Amino acid sequence: WYPEGSCLYLPQFHELRFANINEFVQGHAIPRDRFVSIEEYCKGRITDKQNPHDIALKMIEDAERALSDAGKLQTAGKSAEYEATVRDIVSMSYLGLYYAHKILAAIGLYRMRYQGKSSEKAESIRNMEKAAEYWKKYSARIDEDYRPQFLCRLCHTVDVRTFDKLVDEDIEIIRKEC
């Protein structure tokens, strides 16, 4: 997926673009790796590879555990580095929850769009709304703790707060289906 704030670089246009839910629906799995794409999963291709649904559920489990554990850590009287590390654990947990719920929303969107399963719409919207909630927690935390960074791989400065409104647009993409 896109660890650099859910964005991708399009070298032919020298453009940085937010990876909206359509990117997740249409994206391919890493070639020659142990994962299947959303499309392969929804088409029911039986493989010994990991599917996006199970991965998303595991991401939710791990992120919720990390948030719980971080909440138990005492930061009062600790070093600035210690406190920053705990804050980073929370931030990355929010990002993991964002990706997990967006993956689940994308699975539902694929099923609506290509398999005619309009019954997936409400759950897909709920998952994308949860994803948006976690994205905004993540972006607010990153905005508090870091300056926007120039990322060489993306050839751009990434300011995750600028993507807040685009996350909401993902919800509208789903609402307009069926």
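The values are calculated or read from the model by the stated rules, or taken from the named source; none is laboratory data. Fair warning: this is a prediction, and the values are worked out from it, not measured in the lab. Virtual Cβ from ideal backbone geometry, glycine too; neighbours counted across all protein chains shown. Each accessible area value is taken on the protein alone, full model and side chains, heavy atoms only, with ligands, DNA and RNA left out. Shrake-Rupley method; radii C 1.70, N 1.55, O 1.52, S 1.80 Å.
Would you say ASP69 is open to solvent by 60 Å² or more (accessible area, probe 1.4 Å), of a type in the set (D, E, K, R) and under 30 Å from ARG175 (Cα atoms)?
Numbers: open to solvent by 60 Å² or more (accessible area, probe 1.4 Å): yes; of a type in the set (D, E, K, R): yes; under 30 Å from ARG175 (Cα atoms): no.
So ASP69 fails the test.
Looking at segment 146-165, which of its residues are at pLDDT 80 or above and not charged (D, E, K, R)?
Once the filter is applied, which keeps residues that are at pLDDT 80 or above and not charged (D, E, K, R), segment 146-165 yields TYR146, VAL160, THR162, PHE163.
Consider ALA122 carefully, then state whether it is surrounded by fewer than 22 Cβ atoms within 10 Å (Cβ to Cβ), part of a helix (DSSP H, G or I) and either more than 19 Å from the chain's Cα centre (by Cα) or free of Cβ contacts under 8 Å to residues at least 24 places away in the same chain (or both). First the steps, then the outcome.
Values: surrounded by fewer than 22 Cβ atoms within 10 Å (Cβ to Cβ): yes; part of a helix (DSSP H, G or I): yes; either more than 19 Å from the chain's Cα centre (by Cα) or free of Cβ contacts under 8 Å to residues at least 24 places away in the same chain (or both): yes.
So ALA122 passes the test.
From the list GLU39, GLU23, GLU81, GLU61, which one is in a helix (DSSP H, G or I), charged (D, E, K, R), at pLDDT 95 or above and surrounded by fewer than 19 Cβ atoms within 10 Å (Cβ to Cβ)?
Numbers: GLU39 fails: at pLDDT 95 or above; GLU23 fails: at pLDDT 95 or above; GLU81 fails: at pLDDT 95 or above.
Testing whether each residue is in a helix (DSSP H, G or I), charged (D, E, K, R), at pLDDT 95 or above and surrounded by fewer than 19 Cβ atoms within 10 Å (Cβ to Cβ) leaves just GLU61.
Given the conditions (1) open to solvent by 50 Å² or more (accessible area, probe 1.4 Å); (2) of a type outside the set (A, V, I, L, M); (3) not in a helix (DSSP H, G or I), and given that THR75 satisfies all but one, which numbered condition is not satisfied?
With (1) open to solvent by 50 Å² or more (accessible area, probe 1.4 Å); (2) of a type outside the set (A, V, I, L, M); (3) not in a helix (DSSP H, G or I) applied to THR75, the lone miss is (1).
Please identify the pairs in which a residue from segment 82-101 that is more than 16 Å from ASP164 (Cα to Cα) has its Cβ atom under 8 Å from the Cβ atom of a residue that is basic (Lys, Arg), counting only partners at least 6 apart or on another chain.
ARG87/ARG141; VAL90/ARG141
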